[in-house]
Protein chains: 2
Amino acid sequence: MISTIQTVLNSEIPLTNAIGIKVDEYTGNAIKISAPLENNINHKNTAFGGSLYSVSVLAGWSLIYALLKENNLQGHIVIQESNIQYLNPVTGKIVAESQFMDELQINRFLKQYERKGIARIKLSSIIKQGAKNAVVFNGSYVVHL
Amino acid sequence: MISTIQTVLNSEIPLTNAIGIKVDEYTGNAIKISAPLENNINHKNTAFGGSLYSVSVLAGWSLIYALLKENNLQGHIVIQESNIQYLNPVTGKIVAESQFMDELQINRFLKQYERKGIARIKLSSIIKQGAKNAVVFNGSYVVHL
């Protein structure tokens with residue numbers, strides 16, 4: 001699944017190559033997506049806010065993509081709205097982790113999608129700097145046929 | 001001012017080269033920043049959400065940068081929090097426009113910054129698709145010495 005998602009990201013969103021997106025880990029209900037600082041550095045030698053956003057939004061996107069794949073479902077995944085808080089600068093490798101809230105969230109989403117061909121799901125992505133949260137991203141995604 | 005901002009963006013945030021960021025217009029209280037669709041395309045042949053975010057956040061950043069320059073002020077401009085709504089897909093050139101609310105907003109910001117060496121400012125960026133709003137971005141920026 002990790003290499004499938006990696007290939008999809010690099011081929012369907014070419015900017016992910018410039019960002020240096022890597023799918024690091026996938027456990028079935030959580031995913032880690034990373035990018036090197038070098039590609040995404042800013043004037044303060046920390047990670048550019050637009051890069052932190054991109055890694056965060058793609059973590060949620062990839063988690064939904066994997067869920068659809070595992071359930072043999074097709075669909076377009078679109079970000080509809082999001083909020084991002086930059087709490088601490090990121091001075092090393094950017095790693096965004098996104099996970100489903102619980103089984104209930106997954107099951108509700110799948111049921112709605114299979115019945116209506118469109119469903120919404122809210123996911124958070126967290127980027128840490130050491131032990132502290134550096135970036136908190138909350139996104140509303142829509143999946144449609 | 002346009003070429004100064006262009007140079008700063010390309011040299012201090014290297015990813016802006018991959019995105020293809022161009023400073024198109026600057027009027028003193030508004031700025032237009034653009035990027036070609038090709039560099040920023042996604043799986044649906046529309047603009048990638050992370051790119052739309054990046055162009056939007058940089059429009060606000062650049063407007064503040066220009067304001068500081070015009071007032072012979074130095075400072076670091078950092079995005080602290082933002083919200084973005086994707087209302088319609090963008091199927092052509094990405095153009096984000098950001099402007100100050102009014103003179104009062106500018107004067108309050110400058111006064112606070114000159115007194116305290118740190119000041120906050122909220123700016124919106126709008127990306128249109130034809131006559132319709134495609135992306136509405138609201139950002140809170142902090143400027144500090």
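None of the figures in this text is laboratory data; all of them are computed from the coordinates on show. Since we're looking at a predicted model, the values are computed, not measured. Don't worry about glycine lacking a Cβ; one is built from the backbone with ideal geometry, like all the others, and counts go over all protein chains shown.
Report the extension gain between residue B:17 and residue B:132 in nm, rounded to one decimal, defined as 0.36 nm multiplied by the number of residues separating them, less their alpha carbon distance.
Details: separation 115, 0.36 × 115 = 41.40 nm, distance 2.76 nm.
Extra length from residue B:17 to residue B:132 when fully extended: 38.6 nm.
Counting pairs of alpha carbon atoms under 8 Å apart in space and at least six apart in sequence, what relative contact order in percent does the stretch A:2-144 give?
Relative contact order comes out at 25 percent.
Residues with amide H under 5 Å of residue B:48's amide H, sequence separation 5 or more or different chain, H placed in the peptide plane at 1.01 Å from N; which?
B:41, B:42
Placing +1 at every Lys and Arg Cβ and -1 at every Asp and Glu Cβ, with all other atoms neutral, what dipole size does the protein assembly as shown have around its Cα centre, in debye to the nearest 20? Don't skip to the answer; put the middle values down first.
Numbers: 26 positive and 20 negative charges, 89 e Å.
Roughly 420 debye, rounded to the nearest 20.
Students often get this wrong, so check it: of B:44/B:93; B:32/B:69; A:122/B:128, which have C-alpha atoms separated by over 22 Å? Mind showing how you got there, number by number?
Numbers: B:44/B:93 15 Å; B:32/B:69 17 Å; A:122/B:128 25 Å.
Cα-Cα > 22 Å for A:122/B:128; rest within.
At a threshold of 8 angstrom on Cα-Cα distance, excluding pairs fewer than six apart, so keeping six or more, what relative contact order does the stretch A:63-145 reach in percent? Write down the numbers at each step before the final one.
Numbers: 137 pairs, mean separation 34.2, N = 83.
After rounding, I find 41 percent.
Under DSSP H, which helices of chain A have Cα atoms covering 27 Å or more of the helix axis and a Kyte-Doolittle average no less than -0.5?
Helices passing the filter in chain A: A:49-70.
Can you figure out the FRET efficiency of residue B:111 with residue A:38, using R₀ = 41 Å and their beta-carbon distance, to the nearest 0.05? List each step's numbers first, then the result.
On the way: r = 39 Å, r/R0 = 0.94.
In this case the efficiency is close to 0.60.
Any chance you could list the semi-axes, whole Å, largest first, of the equivalent ellipsoid that the Cα gyration tensor gives for the protein assembly as shown, using √(5λ)?
After diagonalising the Cα gyration tensor, the semi-axes are 33, 20, 17 Å.
What span do the alpha-carbon atoms of the stretch B:2-144 cover on each of the three principal axes, reported in whole Å from largest to smallest?
Principal-axis extents of the Cα atoms in the stretch B:2-144, largest first: 49, 29, 25 Å.
If we count other beta carbons within 10 Å of each Cβ, what is the order of A:86, B:26, fewest first?
B:26, A:86
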